[in-house]
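Q: After the structure tokens below, expect a handful of questions from me.
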Amino acid sequence: MADGDTSSLQNNPLDIGKMLHGCNHYRRRCKVRAPCCNQIFSCRHCHNEYTNALANPKERHEIVRHEIKQVICEICSTEQQVAQICTNCGVKMGEYFCGICKFYDDDILKEQFHCNDCGICRVGGGSNFFHCQKCGSCFDVKSCDNHTCIGNSLKNHCPICYEFLFDSIKAATIMVCGHAIHLDCYNELISQDQYRCPICSKSVSDMSSTWQRLDQEIEATVMPEEYRYEISILCNDCHNTSKAFFHIFGHKCGHCKSYNTRRIGTTDDSLERRT
């Protein structure tokens, strides 16, 4: 280490080891002792990944972050009660510290903040989020006036990867239908040309240009005479039923003009109406 760096550390003892310790989840200068099993882990996620992979299902469990009482300093290995500053060597065990969540993180570029209504710490800057009391979670301020409220929408599992969304370290988003999903999972959904919500089947984005293209393709593709009959359909977007002429490319809702529809009834029903 250069003389200048040594001098800097001596002048700033709180910063010794900053960003040099931690795990795949967080940069921090302490480990936690799990109150549930008395074992030591770098963070609660490390604990949960380990215990949830145990062969015996009865031994699987997750840590309750608020119940953590003891931490071990990574710099001097002193075990002590939860606090930001090590009682032995005086190092700051996390540049960001929350005494409620027992949470430490040296990477403050994440702009961590504690939401009292959620009861947990989140990232992204407190001024960039608002807490929706009906949904029971924090959302981007840009969606304050136009998001669909569903009670406790984030207190569910991601419909794609099935990870619990509320306290996930991965970013989540709310689809136009109001259901929550990991942002990465949502982007993967769209990249696979899947435009329906995996939960309610509503369209997850503005599909008007796609519906216009289908209009043109259906108009240009005439079905053979024996397939020119009406069928009953249910719209996934507006939930209304209507009738449409059968076509291999899709069936248009008679109310909202969406092609996000599904057929109700049977082929036999259609044949009976034609005879």
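The values are calculated or read from the model by the stated rules, or taken from the named source; none is laboratory data. Source: prediction; values computed, not measured. Note that each Cβ is placed from the backbone with ideal geometry, even for glycine, and that neighbours are counted across all protein chains shown.
Q: Within the range 3-10, does at least one residue satisfy the condition of being over 27 Å from Lys155 (Cα atoms), free of Cβ contacts under 8 Å to residues at least 12 places away in the same chain and of a type in the set (Asp, Glu)?
A: Taking the range 3-10 as the starting set, the residues that turn out to be over 27 Å from Lys155 (Cα atoms) are 3-10.
Checking which are free of Cβ contacts under 8 Å to residues at least 12 places away in the same chain leaves us with 3-10.
From what is left, the residues that are of a type in the set (Asp, Glu) are 3, 5.
Yes, because at least one residue in the range 3-10 is over 27 Å from Lys155 (Cα atoms), free of Cβ contacts under 8 Å to residues at least 12 places away in the same chain and of a type in the set (Asp, Glu).
Q: Go through the range 192-245 and count every residue that is assigned by TED's automatic domain parsing to the domain that holds Ser258, assigned to a strand (DSSP E or B) and of a type in the set (Ser, Thr, Tyr).
A: Of the residues in that region, 3 qualify.
Q: Follow-up question, since we're still on this one. Any residue at all in the range 206-222 that is closer than 30 Å to Val123 by Cβ, at pLDDT below 90 and surrounded by 14 or more Cβ atoms within 10 Å (Cβ to Cβ)?
A: No, there is no match, as no residue in the range 206-222 is closer than 30 Å to Val123 by Cβ, at pLDDT below 90 and surrounded by 14 or more Cβ atoms within 10 Å (Cβ to Cβ).
Q: Mind checking which strands (runs of 3 or more DSSP E) fall wholly inside the range 45-134 and carry at least 2 residues that are touching a helix residue (DSSP H, G or I) at 6+ places or on another chain (Cβ under 8 Å)? Spell out how you get there, then give the answer.
A: Details: elements: 70-73, 79-81, 96-98, 103-105, 113-115, 120-122, 129-132.
Correct list: 113-115, 129-132.
Q: Among the numbered criteria (1) at pLDDT below 90; (2) of a type in the set (Gly, Ala, Ser); (3) in contact with a helix residue (DSSP H, G or I) (Cβ under 9 Å, 6 or more places away or on another chain), which single criterion is violated by Ser232?
A: Exception for Ser232: condition (1).
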